[in-house]
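Working notes, structure below.
The values are calculated or read from the model by the stated rules, or taken from the named source; none is laboratory data. Here the structure is a predicted model, which is why all the values come from computation and not from measurement. Methodologically, a virtual Cβ is constructed for each residue, glycine included, from the backbone with ideal geometry; neighbour enumeration extends over all protein chains shown. The accessibility values were calculated without ligands, DNA or RNA, using every heavy atom of the protein model including side chains. Shrake-Rupley method; radii C 1.70, N 1.55, O 1.52, S 1.80 Å.
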Amino acid sequence: MSTIVLKTLFIKEIRRFSKVWLQTVLSPLVTTSLYFLVFGVALGSRLREISGVPYIQFVVPGLVMMTMIRDSFLNTSSSLFQSKINGTITDILVAPIGAFEMLLAYVGAAMIRAIIVGTLVYLVALTFTWFPLHHIGWTVFFTIFVTATLAMLGIVAALWAERFDHLAIFPNFVLLPLAFLGGVFYSIDLLPEPWNTISRFNPGGRAGFVLGASRSHQRVAAQWLQLAKLVIMGGQA
Amino acid sequence: MKPPVLRCRHVTKRYGKFTALEDLSLEVYEGEIFALLGPNGAGKSTLIHCITGLAKQTKGSIEVLGFDTRRDFRTTRRLVGLVPQEINYDPFFTPLESLMIQMGLMGVEPSRERAEGLLKTFALDEKRDAYTRTLSGGMKRRLLVAKSLVHDPRLLFLDEPTAGVDVELRQELWQEVEQLRAAGTTIVLTTHYIEEAEQLADRVGILHKGELLLVESRESLLERHGGRALEDIYLELIRKADGRHVA
Ligand SMILES: Nc1ncnc2c1ncn2[C@@H]1O[C@H](COP(=O)(O)OP(=O)(O)OP(=O)(O)O)[C@@H](O)[C@H]1O
Ligand SMILES: [Mg+2]
């Protein structure tokens, strides 16, 4: 296995999104800052507390997670889809690189983007409210797990898509509803049935929940096990 | 005799029910220029794609210098270069960057000097830092040729490299091809300008609906047909084959 090839593809992917940083880095930052302003500051001052946490703090982990989910998916899907459409995928297909290394490079670069943007969103959040990370281990684990999974999903989407609007299906029809129904902006305990039950099966919300978990370790562990089970069993089916 | 640089054995390629290549066997020898001719849709690009890694043959095996293109793909892909038929370019990178990246992708240490040398060879040095999008069609195609050479391939495929390139540059490109051959590169090209093949090729293969109608050295082919132009010979063969298929 040649490390030059892998390194080149990885760096190429990173350079690709850094060249268009206005769109790939700054724009998600602006979007989430708006969410903070509207939901956190404006509405939050009236909503006071959810699950014993000030509302503005409550929305932080969900927003960070939502951004990372979106960006890791968008990075692989748009990069691969573009090269499929404009033909530059040829350059990679003729290269002495195997499928696994290709996956590594694309997923790795997408994770880097998601983590950079996620960190920036977190830093923006800190300017609005104090939000310490209590479970560094879980935060790191979930960041890696979620960004890697979504980056791979982005690859699948790009290979499957035939038109640009196919790519928008996931962010618009899956991610956004999941974020809104998954407890990013409120506790799912507040939802009436059947949405409450449905929302409990929403892994995006759970991931966000775990990021924000600062209280009950045990509940976190149980939630995580459930999610892991869901993913592993889903992967085998 | 040296072993062939390229050996295709009983290669069949199907897209669903459609057969693009049917039981095709072909050998190409070191240092020759081989012209693959055939009408639109004959399967020329399909064959090239199976050899270079863009497609996988349904049946049969392909070897480059004795290495199997499926099993030893890491080796064969370093030996092979491709100028694809369709112009492609990455809007994110300049010609200089594209060349440097392609070196890395092909497994050679990126070298700015080498990249600049290639840009000069293909008269692109003025455009080296331009957005690739802003290059003219012919310039983009020359960049493709430059990209295919970054790793000094032993076997180079040129899939219609002169489509849309002006006369002067076409001549220059073919000179470049001759030089590459002189330096030991084996070349397989496709073109719809039959007279180009007649000038350049040592051997000619004519492909029609996925089958090779003929593989012969240019000299014996021309001699056999009493000095007629290759284009006439080609047209006659294709028409005869079409008749056969219609019947
Ligand atoms: N991905 C694909 N899926 C289905 N059919 C394909 C695919 N690629 C090629 N074909 C078909 O295979 C046949 C051979 O195509 P190919 O591109 O090899 O022709 P060609 O000889 O290169 O023609 P041209 O001179 O026009 O470039 C055509 O009928 C084409 O439609
Ligand atoms: Mg073709």
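For the range B:218-229, 3J(HN,Hα) computed residue by residue from phi via the Karplus equation (6.51, -1.76, 1.60; θ = phi - 60°) reads 4, 4, 5, 5, 5, 5, 4, 9, x, x, 6, 5 Hz, glycine and proline entered as x. Annotation: the antiparallel percentage among DSSP beta bridges lying fully within the protein assembly as shown is about 55.
Hey, in the GNM for chain B with a 10 angstrom Cα cutoff, which one of B:Pro161, B:Pro153, B:Pro110 fluctuates hardest? Top of the fluctuation ranking is B:Pro110.
Mind ranking A:Ile69, A:Ile136 by accessible surface for me, highest first, 1.4 Å probe?
Details: A:Ile69 15, A:Ile136 100 Å².
Correct descending sequence by accessible area is A:Ile136, A:Ile69.
Relative to one another, the C-alpha centroids of the range B:20-51 and the range A:4-44 are positioned 46 Å apart. Accessible surface ranking for B:Glu32, A:Glu162, B:Glu116, B:Glu231, 1.4 angstrom probe, highest first: A:Glu162, B:Glu231, B:Glu116, B:Glu32.
Arranged from highest to lowest average of other beta-carbon atoms within 10 Å per residue, in what order do the peptides A:18-25, B:33-40, A:153-160 appear?
On the way: A:18-25: 14.0, B:33-40: 21.8, A:153-160: 18.0.
Most protected by this proxy first, the peptides run B:33-40, A:153-160, A:18-25.
Taking each DSSP H run with n ≥ 4 as -39500 (n - 2.57) and averaging over every residue of the protein assembly as shown yields -17500 deg cm²/dmol at 222 nm. Give me the distance between the Cα centres of the range B:169-247 and the range A:73-98, rounded to whole Å. Cα centres, the range B:169-247 to the range A:73-98: 33 Å.
To two decimal places, what compactness ratio does the protein assembly as shown give when its Cα radius of gyration is scaled by 2.2 N^0.38 Å?
Working: Rg = 28.2 Å, N = 484, 2.2 N^0.38 = 23.0 Å.
Output field value: 1.22.
The mean count of C-beta atoms from other chains within 10 Å of the C-beta of residues in B:65-73, rounded to a whole number, is 1. Annotation: amide H of B:Val5 within the under-5 Å range of B:Val28, B:Tyr29, B:Glu30, sequence separation 5 or more or interchain, hydrogens built in the peptide plane.
For the range A:72-77, 3J(HN,Hα) computed residue by residue from phi via the Karplus equation (6.51, -1.76, 1.60; θ = phi - 60°) reads 5, 5, 5, 5, 5, 5 Hz, glycine and proline entered as x.
Connecting C-alpha atoms closer than 10 Å in a GNM of chain B, tell me which of B:Tyr15, B:Tyr234, B:Tyr29 has the biggest fluctuation. Of B:Tyr15, B:Tyr234, B:Tyr29, the most mobile in the Gaussian network model is B:Tyr15.
For B:Asp68, the amide hydrogen comes within under 5 Å of no other amide hydrogen, counting only partners 5 or more places away or on other chains and with H modelled in the peptide plane.
Other protein chain C-beta atoms within 10 Å of residue C-beta, averaged over B:79-90: 3. Applying the Karplus relation 6.51 cos²θ - 1.76 cosθ + 1.60 with θ = phi - 60° to the range A:13-20 yields 3J(HN,Hα) values of 5, 5, 5, 4, 7, 6, 5, 10 Hz, where x marks Gly and Pro.
In what order, largest first, do B:Glu113, A:Glu13, B:Glu97 sit by accessible area if the probe radius is 1.4 Å? Present the calculation step by step, with values, prior to reporting the outcome.
Numbers: B:Glu113 155, A:Glu13 5, B:Glu97 45 Å².
Heavy-atom accessible area, descending, gives B:Glu113, B:Glu97, A:Glu13.
What total accessible area, in Å², is buried where chains B and A meet, using a 1.4 Å probe and rounding to the nearest 100? Roughly 2200 Å² of accessible surface disappears when B and A pair.
B:Asp166 sits with roughly 80 Å² accessible to a 1.4 Å probe, with DNA, RNA and ligands left out of the calculation.
How much of the DSSP beta bridge set in chain B is antiparallel, as a percent to the nearest 5?
Numbers: 20 of 37 bridges.
Counting DSSP beta bridges with both partners in chain B, the antiparallel share is about 55 percent.
The calculated P(r) of the range A:57-160, using every Cα pair and 5 Å bins from 0, goes 2, 13, 20, 21, 15, 10, 8, 5, 3, 1, 0 in percent.
Per-residue SASA remark: B:Phe18, around 130 Å² accessible (1.4 Å probe; ligands, DNA and RNA not included). Ligands, DNA and RNA aside, A:His166 has an accessible area near 40 Å² when probed at 1.4 Å.
Stokes-Einstein diffusion for the range B:126-184 at 10 °C, viscosity 1.306 mPa s, with a Kirkwood radius from C-alpha pairs, works out to 128 µm²/s.
Could you pull out the trypsin sites (Lys or Arg not before Pro) across the range B:190-247 that fall in loop regions by DSSP (anything but H, G, I, E, B) with no more than 13 other Cβ atoms inside 10 Å? Can you show the working numbers first?
Working: sites: B:Arg203, B:Lys209, B:Arg218, B:Arg224, B:Arg228, B:Arg239, B:Lys240, B:Arg244; in loops: B:Lys209, B:Arg228.
Loop-located and lightly packed - B:Arg228.
Computed on the Cα atoms alone, the convex hull of the range B:51-166 gives a volume of 107 cubic angstrom per residue.
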